[in-house]
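Engineer: Before we start, here is the structure in question, set down as structure tokens.
The values are calculated or read from the model by the stated rules, or taken from the named source; none is laboratory data. Everything quoted here is computed from the prediction, not taken from an experiment. Note that we place each Cβ from the backbone using ideal geometry, even for glycine, and neighbour counts take in every protein chain shown. Side chains are part of the model used for accessible areas, which takes the heavy atoms of the whole protein and leaves out ligands, DNA and RNA. Shrake-Rupley method; radii C 1.70, N 1.55, O 1.52, S 1.80 Å.
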Amino acid sequence: ALKDFDQLPNSAYVRIPVVQRLYGISTASVWRGVKKGTIPEPKKLSVRCTGWNVGLIRVALAAKAVQS
């Protein structure tokens with residue numbers, strides 16, 4: 001999913017390994033970022049599946065790029 005991230009529609013969802021690679025951080029750091037508000041909140045897709053909206057991730061990454 002990471003190599004195809006640019007082709008995904010904004011309505012798609014990705015799992016935590018993709019979010020980790022996009023930000024270059026660990027799983028724990030992803031959750032810290034969610035708590036801090038620098039990474040969008042995930043959505044519970046099913047009982048054992050959590051996903052992040054691609055459109056919201058793109059907005060957050062763009063905002064991070066502007067800050068840097």
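Here is a yes/no grid of residues against (1) of a type in the set (Lys, Arg); (2) open to solvent by 90 Å² or more (accessible area, probe 1.4 Å); (3) in contact (Cβ under 8 Å) with a residue 24 or more places away in the chain; (4) touching a Gly at 6+ places or on another chain (Cβ under 7 Å):
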{"position": "Val19", "(1), (2), (3), (4)": "no, no, yes, no"}
{"position": "Val30", "(1), (2), (3), (4)": "no, no, no, no"}
{"position": "Val47", "(1), (2), (3), (4)": "no, yes, no, no"}
{"position": "Asn53", "(1), (2), (3), (4)": "no, no, yes, no"}
{"position": "Leu56", "(1), (2), (3), (4)": "no, yes, no, no"}
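Engineer: State yes or no: is Ala60 touching a Pro at 6+ places or on another chain (Cβ under 6 Å), aliphatic (A, V, I, L, M) and either in contact (Cβ under 8 Å) with a residue 40 or more places away in the chain or open to solvent by less than 30 Å² (accessible area, probe 1.4 Å) (or both)?
Structural biologist: On the way: touching a Pro at 6+ places or on another chain (Cβ under 6 Å): yes; aliphatic (A, V, I, L, M): yes; either in contact (Cβ under 8 Å) with a residue 40 or more places away in the chain or open to solvent by less than 30 Å² (accessible area, probe 1.4 Å) (or both): yes.
The answer is yes for Ala60.
Engineer: I'd like the full set of residues that are farther than 18 Å from Lys64 by Cα and of a type in the set (Lys, Arg), limited to region 2-42.
Structural biologist: Passing the criteria: Lys3, Arg15.
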